[in-house]
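See below for the structure under consideration.
Throughout, read-outs are computed from the coordinates displayed, never taken from laboratory work. Here the structure is a predicted model, which means the values were calculated and not measured. Note that we place each Cβ from the backbone using ideal geometry, even for glycine, and neighbour counts take in every protein chain shown.
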Amino acid sequence: MATQARLVSREARPQGTRVRIGNVVVGGEEFVVAAGPCAVETVGQVRAAAEAVAGCGARILRGGAFKPRTSPYAFQGLGAHGLDLLAEAGRAVGLPIVTEVLSTDDVDVVARHADCLQVGARNMQNFALLEALGSAGKPVLLKRGLSATIEELLLAAEYVVFHGNPDVVLCERGIRTFETATRNTLDLGAVAVLRGQTHLPILVDPSHAAGRRDLVLPLSLAAAAVGADGLLVEVHPDPAAALCDGAQSLDPAGFAALMDALGSVVPILGRTLSPPTSDQAGPHRSRIDRIDEALVRLLRERAEIGVRLGLQKRAAGRPVRSPDREEEVLGHVSHVYAGPLPADAVVRVFRAIIDETRGIQ
Ligand code: PEP
Ligand code: MN
């Protein structure tokens with residue numbers, strides 16, 4: 001079904017939109033991970049979270065200062081002081097920050113501190129807030145409402161764009177269903193539907209969707225596979241002591257394992273993942289090991305297909321070697337590769353793969 005939204009509809013910009021958050025582009029080739037605590041609690045807590053996520057390759061620091069809590073008795077966030085602490089932590093580790101704005105009254109102060117303004121699920125249809133964000137001068141991360149349809153999410157985004165701000169990123173964070181095993185039900189189908197209906201980038205928040213840290217990694221891999229542009233993940237230096245959403249927060253080791261797993265999946269999906277920035281060799285070596293494992297598995301699959309193709313050619317009485325096709329393969333890989341290795345080095349590696357495959361054919 002076509003959307004009533006106009007400005008955010010896929011037809012309005014078939015090539016897709018890239019939204020710049022600080023120095024990071026969401027909606028491009030890179031799979032962007034935003035991570036950090038649910039709520040900013042103390043200087044030490046947000047700083048430790050920032051260092052942990054930045055060291056593993058997160059590109060944006062998240063953290064709530066103004067918190068939308070279901071109960072008025074729950075921790076309500078540090079407010080403007082929390083913004084200062086989050087901004088300081090972001091500067092210290094060199095990451096842009098995203099944080100929630102709860103009310104129209106706070107748009108200016110949040111926009112002064114943050115690189116991206118988050119609209120929480122409970123505010124997705126706060127039309128006065130959406131209108132105010134039209135002139136906030138900063139990108140908006142719009143989370144899907146607890147019981148909002150895809151169409152309602154698109155029309156909420158349309159409000160922000162209609163009122164003057166084209167930089168909107170959507171976020172699927174789980175919807176309310178009859179299921180009780182998870183906090184919400186992650187609607188990955190919505191990500192696939194949104195891809196076709198809108199040109200806006202889409203993040204997935206597996207933390208609020210699942211409400212359980214053990215599901216964050218598998219749901220994240222599924223989000224990458226279904227075509228999300230990145231993730232919004234909760235990470236706390238000590239989840240057991242978290243003032244908010246501890247049960248769904250990854251600890252630093254859990255986040256490192258998530259980035260590691262993404263490191264072997266994301267490249268196969270044709271996207272890139274920022275490498276760890278930490279000075280320690282550990283995370284780098286681990287990511288390289290994962291990538292090497294993925295490379296040898298792909299190499300095996302390629303060789304198996306090559307063998308089958310060789311058999312078919314023999315059966316058909318055709319020569320195994322097709323020089324034109326080999327040149328086409330080399331041209332293709334040098335064309336799609338854009339990285340630090342020189343293109344002729346990539347061609348040499350692939351020429352060796354082709355020669356070895358012919359050897360077994
Ligand atoms: C959050 O991301 O901090 C949050 C409150 O999430 P949601 O609005 O999706 O519940
Ligand atoms: Mn939370």
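Which length gain, in nm to one decimal place, applies between GLN312 and ALA247 when the Cα-Cα distance is subtracted from 0.36 nm times their residue separation?
Extra length from GLN312 to ALA247 when fully extended: 18.0 nm.
If you place +1 on the Cβ of every Lys and Arg, -1 on the Cβ of every Asp and Glu, and leave all else neutral, what size is the dipole of region 73-135 about its Cα centre, to the nearest 20 Debye?
Values: 3 positive and 8 negative charges, 29 e Å.
Around 140 debye, computed over region 73-135.
How high is the relative contact order of the chain, given as a whole-number percent (alpha carbon pairs under 8 Å, six or more residues apart)?
RCO, the chain: 18 percent.
With both bridge residues required to lie in the chain, what share of the DSSP beta bridges run antiparallel, to the nearest 5%?
15
Placing +1 at every Lys and Arg Cβ and -1 at every Asp and Glu Cβ, with all other atoms neutral, what dipole size does the chain have around its Cα centre, in debye to the nearest 20?
Details: 38 positive and 41 negative charges, 202 e Å.
It comes to approximately 960 debye.
Taking Cα atoms, how many degrees apart are the long axis of helix 188-197 and the longest axis of the chain, rounded to 10 and kept between 0 and 90?
Value to nearest ten degrees: 80.
Region 166-200 to region 228-291: how many Å between their Cα centroids?
Region 166-200 and region 228-291 have Cα centres spaced 21 Å from each other.
Using only Cα atoms and rounding to the nearest 10 degrees, what angle (0 to 90) does helix 43-56 make with the longest principal axis of the chain?
Roughly 10 degrees between the two axes.
Mind giving me the nanometre distance, one decimal, between the label points for ASP84 and LEU298, set 7 Å out from Cα along Cα→Cβ?
Going by the 7 Å Cα→Cβ label model, 4.8 nm.
Would you mind pulling out the separation of the Cα centroids of region 90-113 and region 304-318, in Å?
Spelled out, the Cα-based centre of one part sits 59 Å from the other.
Return one quarter of the surface area of the convex hull spanned by the alpha-carbon atoms of the chain, equal to its mean projected area, in nm².
Reported value for the Cα convex hull: 20.9 nm².
For ASP238, ASP260, what ranking results if the residue with the fewest other Cβ atoms within 10 Å of its Cβ goes first?
Ascending Cβ contact count within 10 Å gives the list ASP238, ASP260.
What nm distance separates the two modelled labels at ARG358 and HIS284, each placed 7 Å from Cα along Cα→Cβ?
With each label placed 7 Å out from Cα toward Cβ, I get 3.7 nm.
In degrees from 0 to 90, rounded to the nearest 10, what is the angle of the helix 281-315 Cα long axis to the longest principal axis of the chain?
40
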